[in-house]
Amino acid sequence: MVKSIKPSLLLVLYVLMIVCALPLLSHCAKKPVGIARKEDIPYIKCQVCEKLASQIYHQVEAKRAEISPKKVSEYEIIEIAENVCNLKKREADWILKIDIVEKGNKLELVEQDSEGQCNSECKTIERACQEVLGYSDTDAAEYLFKKKPQLDALINFICKDLTGACSSKPPPVPKDRTPGEPFVAKSEKEAEMERLMKSMEGMPGAPGMKMYSREDLMNQNFGAGDGDDEDDDDAEEFPSNLGKSLRQKAEKQNDWKERITKGVLNAGEKLKGHADRVSYKMRRWWQSKKTEWKKSSSQSGKAEL
């Protein structure tokens, strides 16, 4: 029965079984999405800049230790800089540990021991990070690759010279500001599952993965109420007695899970490698064009004089 199911559906079954092994609360798949409070960004943008610069530095150092004696390429540094403000990527996991605390007429970013639920404060920090770094991620990566600065020098370059995020003091926080939500830590199992889902992001056959509880799996409530008509054809091929089928074939699960995982990872690595090479060439081309435009602008200015 399993052999007749499409490869993409087999991958879905694999993820569902992992969730079954890690019993999560059913509300994990239905938790509300936080909205960034853009009005708070001016009060925290300098602190966010310092933290993102620190993260780029330390993540590059960790990468260097991981692949030693090989050297970290400029593209690998660019990739870290690109992802450090994107909560869908593991490079931005640091945001999940930050709590925004109001102290007097200031907002302070306080780092917690564990990851928290991502609500409005989490989204606000992500938005501030993206606004601060903007399109300067490649410039920051190039500086780090070529100059190999110490942490303080990198923070100064990114937050003062490059983005100007710390060029002036933040304004005082209004007294009538609505307080943010309290920091709520995640359970270890929930954090582990979210890291797994992030690691599978973009893999062939694994778009839009969702988390389900043990009860959902046994009752076959796979996205009930979502109204996804596009999945109707695949739904017809699912065995009606999925829970019974999985239990009956428990002794064979390890083999086909390993084959599916290996195949998906291999395909994903090949596609990612190709995309990395294309992206790197495009960025180098863009950098060269920017240099040409700057030279052309400088020469035309001199000619006018």
- Message: On a 20 Å Cα-Cα criterion, which of the cross-link pairs K89/K148; K97/K198; K45/K146 come out too long?
- Response: K89/K148; K45/K146
- Using modelled backbone amide H atoms (1.01 Å from N, in-plane), which distant-in-sequence or interchain residues come within less than 5 Å of K106's amide H? V173
- Would you please classify the overall shape of region 78-199 from the alpha carbon gyration tensor, given that a ≥ b ≥ c denote the square roots of the eigenvalues, rounded means a/c under 1.5, and beyond that prolate means a/b larger than b/c while oblate covers the rest? oblate
- Query: In square angstrom, rounded to the nearest 10, how much accessible surface does D137 have for a 1.4 Å probe?
  - Reply: 20 Å²
- Inter-part distance where region 47-80 and region 123-184 are each reduced to a Cα centre, Å: 16 Å
- Message: With the cut-off at 19 Å, tell me which of the pairs K147/K289; K51/K106; K51/K175 have Cα atoms farther apart than that.
- Response: K147/K289; K51/K175
- Mean Cβ count within 10 Å, highest first, over the residues of peptides 185-192, 49-56: 49-56, 185-192
- Message: I'd like the FRET efficiency for Y280 and L196, computed as 1/(1 + (r/R0)^6) with the beta carbon distance as r and R0 of 30 Å, rounded to 0.05.
- Response: 0.60
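The values are calculated or read from the model by the stated rules, or taken from the named source; none is laboratory data. Quantities reported herein were computed from a predicted structural model and do not represent experimental measurements. Neighbour counts run over all protein chains shown; Cβ positions are idealised from the backbone, glycine included. These accessible areas exclude ligands, DNA and RNA; they are computed on the full protein's heavy atoms, side chains included. Shrake-Rupley method; radii C 1.70, N 1.55, O 1.52, S 1.80 Å.
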